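Student: Below you will find the structure I want to go over with you.
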Amino acid sequence: MSDTFYDVLRRQGISRRSFLKFCSLTTASLGLSPTVAPQIAHALETKPRTPVIWIEGLECTCCSESFIRSAHPLAKDAVLSLLSLDYHMTLAAAAGEQLHENALHTIEKYKGNYILAIEGNPPLNEDGMYCIYYGKPFVEAVKHYAKDAKAVIAWGSCASWGCVQAAKPNPTNAVPIDKVITDKPIIKVPGCPPIAEVMSAIVTYVLTFDRLPELDRQGRPKMFYSQRIHDKCYRRPHFDAGQFVEKWDDEGARAGLCLYKMGCKGPTTYNACSTTRWNEGVSFPIQSGHGCIGCSEDGFWDKGSFYDRLTTIPAFGIEANADKVGAVAAGVVGAAVVAHAAVTAIKKASEKGSGAKVEEK
């Protein structure tokens, strides 16, 4: 039997106290009740490590780069202790056929009990010849590796939606993973790349509880993709007050006003950026002064300039989630702003015409 996560930590000199702290941090990052921490500790003490095969198709490796920078739990603990990463072309010490044999051995030995993590996507045009994997089209490797997997994780927007490879006119016919794998549960973790702590927390959840986290209607874990970035953004009060950045580096930008007019897609993007944040919780794009580009949403690359101002926003309230919103068209915020401006202009014109003096308050 394989070593448990706790066995490996003990051999590394990790104390019992540090182990329990790790379990508490993981529980918090997953948004679970503190009472669940002992359950996580028990699972990590008794369950053997789960083998993971991580393959890469059309992509830029940004998901792997993000994952290895996870702070809670530390990537070295997640990669080297929590899971048995039997195959990863970027992180592995082996290469070539020796590395390939590792994957084939895991598939055979742990049939039905390994997790397949996919970064990037397969192209289907020209019989898949735009992405070759050990002499064969990558799409064939995806199907072969997924056949006996317990579950599949689609890392990033490439695997989840298609991303830039599938952008119009999509000459290679690159497709998301769920267009190729149709008979396995798939956890979609979109983002370009996904947040490191989101990735490691999802892996921890699956390996600890031996089940998939609760998913929304699009296959994303609700614990991280149930709210819009806009809902928890620290600039939200400025949006509600009608205080916006009008142009880059103006007084509003220096004051940290809302970036909605600069094209921020936070009101229509579901992700944990405004709560979990990046770089060990230090910041996220909006905090650094740039609007959200909506990289975790389907088709974000084909929705015009990242700096085009949104004219329609689903106004379902601050606690809305993707399941509630569904495909229903909602209130038009842009129209409301225009209407308000028109009413104000008419009022001012009327007051000017009557000679009334308007006091500033």
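Student: Does at least one position in region 146-163 carry a residue that is over 22 Å from F209 (Cα atoms) and among the acidic types (D, E)?
Tutor: no
Student: If you go through region 241-257 one residue at a time, do you hit one that is over 30 Å from T27 (Cβ atoms) and either in contact with a Pro (Cβ under 7 Å, 6 or more places away or on another chain) or buried (at least 21 other Cβ atoms within 10 Å of the Cβ) (or both)?
Tutor: Restricting attention to region 241-257, the residues satisfying the condition of being over 30 Å from T27 (Cβ atoms) are 241-257.
Filter once more, keeping what is either in contact with a Pro (Cβ under 7 Å, 6 or more places away or on another chain) or buried (at least 21 other Cβ atoms within 10 Å of the Cβ) (or both): 245, 257.
Yes: one or more hits.
Student: Something else now. Conditions: (1) surrounded by 15 or more Cβ atoms within 10 Å (Cβ to Cβ); (2) under 18 Å from Y205 (Cβ atoms). V8 meets all but one. Number of the miss?
Tutor: (2)
Student: Can I ask one more? When region 213-225 is examined, which residues are found to be within 25 Å of G291 (Cα to Cα) and in contact with a strand residue (DSSP E or B) (Cβ under 7 Å, 6 or more places away or on another chain)?
Tutor: Q218, R220, P221, K222, Y225
Student: Just to be sure, is L85 closer than 30 Å to F22 by Cα, at pLDDT below 80 and in contact with a Phe, Trp or Tyr (Cβ under 7 Å, 6 or more places away or on another chain)? Can you show your working first?
Tutor: Values: closer than 30 Å to F22 by Cα: yes; at pLDDT below 80: yes; in contact with a Phe, Trp or Tyr (Cβ under 7 Å, 6 or more places away or on another chain): yes.
Judged against the criteria, L85 is a match.
Student: From the residues in region 21-38 that are out of contact with any helix residue (DSSP H, G or I) (no Cβ under 6 Å at 6 or more places or on another chain) and modelled with pLDDT of 85 or more, which one is nearest to Q227 (Cα to Cα)?
Tutor: Keep residues of region 21-38 that are out of contact with any helix residue (DSSP H, G or I) (no Cβ under 6 Å at 6 or more places or on another chain), which gives 21-22, 25, 28, 32-35, 38.
From what's left, modelled with pLDDT of 85 or more: 34-35, 38.
Values: P34: 22, T35: 24, P38: 28 Å.
Out of the qualifying residues, it is P34.
Student: Which of the residues spanning region 203-220 are assigned to a helix (DSSP H, G or I), closer than 23 Å to S66 by Cα and hydrophobic (A, V, I, L, M, F, W, C)? Spell out the reasoning first.
Tutor: Here is the first cut: in region 203-220, the ones assigned to a helix (DSSP H, G or I) are 203-209.
Then drop every residue that is not closer than 23 Å to S66 by Cα, which leaves 203-208.
Hits for region 203-220 are V203, V206, L207.
Student: If you don't mind, another one. How many residues does region 201-235 contain that are surrounded by 17 or more Cβ atoms within 10 Å (Cβ to Cβ) and either polar (S, T, N, Q) or within 13 Å of C273 (Cβ to Cβ) (or both)?
Tutor: Total satisfying the criteria: 12.
Student: Restricting to region 167-204, give me the number of residues that are under 11 Å from G156 (Cβ atoms) and among the small types (G, A, S).
Tutor: Qualifying residue count for the region: 1.
Student: Considering only residues of region 186-200 that are among the aliphatic types (A, V, I, L, M) and free of Cβ contacts under 8 Å to residues at least 40 places away in the same chain, which is surrounded by the most Cβ atoms within 10 Å (Cβ to Cβ)? Reasoning before the result, please.
Tutor: To start, the set of residues in region 186-200 that are among the aliphatic types (A, V, I, L, M) comprises 186-187, 189, 195-196, 198-199.
Keeping just the survivors that are free of Cβ contacts under 8 Å to residues at least 40 places away in the same chain gives 186-187, 189.
On the way: I186: 21, I187: 22, V189: 26.
Per the stated criteria, the residue is V189.
Student: Could you say whether any residue in region 230-241 is among the charged types (D, E, K, R), within 21 Å of the chain's Cα centre (by Cα), closer than 25 Å to S157 by Cα and not assigned by TED's automatic domain parsing to the domain that holds L58?
Tutor: Checking region 230-241: at least one residue is among the charged types (D, E, K, R), within 21 Å of the chain's Cα centre (by Cα), closer than 25 Å to S157 by Cα and not assigned by TED's automatic domain parsing to the domain that holds L58.
Student: Name the one entry in T276, T269 that is modelled with pLDDT of 85 or more, in contact with a strand residue (DSSP E or B) (Cβ under 7 Å, 6 or more places away or on another chain) and crowded, with 16+ Cβ neighbours inside 10 Å. Walk me through how you get there before you give the answer.
Tutor: Working: T276 fails: in contact with a strand residue (DSSP E or B) (Cβ under 7 Å, 6 or more places away or on another chain).
Result: T269 is the single residue among T276, T269 that is modelled with pLDDT of 85 or more, in contact with a strand residue (DSSP E or B) (Cβ under 7 Å, 6 or more places away or on another chain) and crowded, with 16+ Cβ neighbours inside 10 Å.
The values are calculated or read from the model by the stated rules, or taken from the named source; none is laboratory data. Remember, predicted model here, so these are calculated numbers, not experimental data. Cβ sites come from the backbone with ideal geometry, for glycine too, and all protein chains shown count toward neighbours.
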